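Only one structure is covered here, and it is reproduced in the block below.
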Amino acid sequence: MTSLTRGCRYSVRVSPQMANRIVDSARSILNKFIPDIYIYTDHMKGVNSGKSPGFGLSLVAETISGTFLSAELASNPQGQGAAVLPEDLGRNCARLLLEEIYRGGCVDSTNQSLALLLMTLGQQDVSKVLLGPLSPYTIEFLRHLKSFFQIMFKIETKPCGEELKGGDKVLMTCVGIGFSNLSKTLK
């Protein structure tokens, strides 16, 4: 389903060896599905790196239909929560990306609310978007849209089948409010 996977591993004020450990563990899972994986590494040290040590991984997969799905994880700040091993972070981030691919849709779960906001503020015309299962954040965001803009979405569930692979999909439809910038000067 994906044509390529790219990522960026970053680390600040930790050993550069953490980079290789994160990349190797993420690749150990992703290489089972697609061989075209490239994860860039970015290590910052010295005064310009700030005062907080840590590391993280951001992965993006492009589907054969041109949709970009992403997943990102970062280590916990010092003194906040349990310490995270680089291998665990890499594997967990790869699993999150695979879950996003399985969920499918035109937008990954972290950006569902942004797509719905843009539909709400768009032209006074019908807008549609196909999403994977709605995240709890998106469900709460729909409640906010209803209370702020008095807008309702038509929600149609599309069970997975021959045409739609992966998890069940949700087709969201609304008519935008036609928001325009009043400060914009007309020529």
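The values are calculated or read from the model by the stated rules, or taken from the named source; none is laboratory data. No experiment lies behind these values; they were computed from the predicted model shown. Note: ideal-geometry Cβ built from the backbone for every residue, glycine included; neighbour counts use all protein chains shown. Protein only, heavy atoms only, side chains kept; ligands, DNA and RNA dropped before computing areas. Shrake-Rupley method; radii C 1.70, N 1.55, O 1.52, S 1.80 Å.
Structure above, values below:
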{"read-out": "Some residue of region 111-125 being open to solvent by 60 Å² or more (accessible area, probe 1.4 Å), outside any strand (DSSP E or B), among the charged types (D, E, K, R) and touching a Lys or Arg at 6+ places or on another chain (Cβ under 7 Å)", "value": "no"}
{"read-out": "Which numbered condition VAL47 misses (of (1) of a type in the set (Val, Ile, Thr); (2) modelled with pLDDT under 90; (3) under 22 Å from ARG103 (Cβ atoms))", "value": "(3)"}
{"read-out": "Failed item, numbered, when GLY54 is tested on (1) surrounded by 20 or more Cβ atoms within 10 Å (Cβ to Cβ); (2) more than 14 Å from ARG95 (Cα to Cα)", "value": "(1)"}
{"read-out": "Residue within region 149-160 that is out of contact with any Cys (no Cβ under 6 Å at 6 or more places or on another chain), assigned to a helix (DSSP H, G or I) and without any contact (Cβ under 8 Å) to a residue 60 or more places away in the chain present", "value": "yes"}
{"read-out": "Residues of region 70-85 that turn out to be farther than 14 Å from ILE22 by Cα and either acidic (Asp, Glu) or touching a residue at least 40 places away in the same chain (Cβ under 8 Å) (or both), as a count", "value": "1"}
{"read-out": "Residue count for region 126-142, restricted to those that are without any contact (Cβ under 8 Å) to a residue 12 or more places away in the chain and either of a type in the set (S, T, N, Q) or surrounded by 14 or more Cβ atoms within 10 Å (Cβ to Cβ) (or both)", "value": "0"}
{"read-out": "Meets criteria (open to solvent by less than 90 Å² (accessible area, probe 1.4 Å) and either within 30 Å of PRO53 (Cβ to Cβ) or part of a helix (DSSP H, G or I) (or both)) for GLY167", "value": "no"}
{"read-out": "Condition check for ALA26: surrounded by 19 or more Cβ atoms within 10 Å (Cβ to Cβ) and under 24 Å from LYS169 (Cβ atoms)", "value": "no"}
{"read-out": "Condition check for LEU145: without any contact (Cβ under 8 Å) to a residue 40 or more places away in the chain and either under 12 Å from the mean Cα position of the chain (by Cα) or in a helix (DSSP H, G or I) (or both)", "value": "yes"}
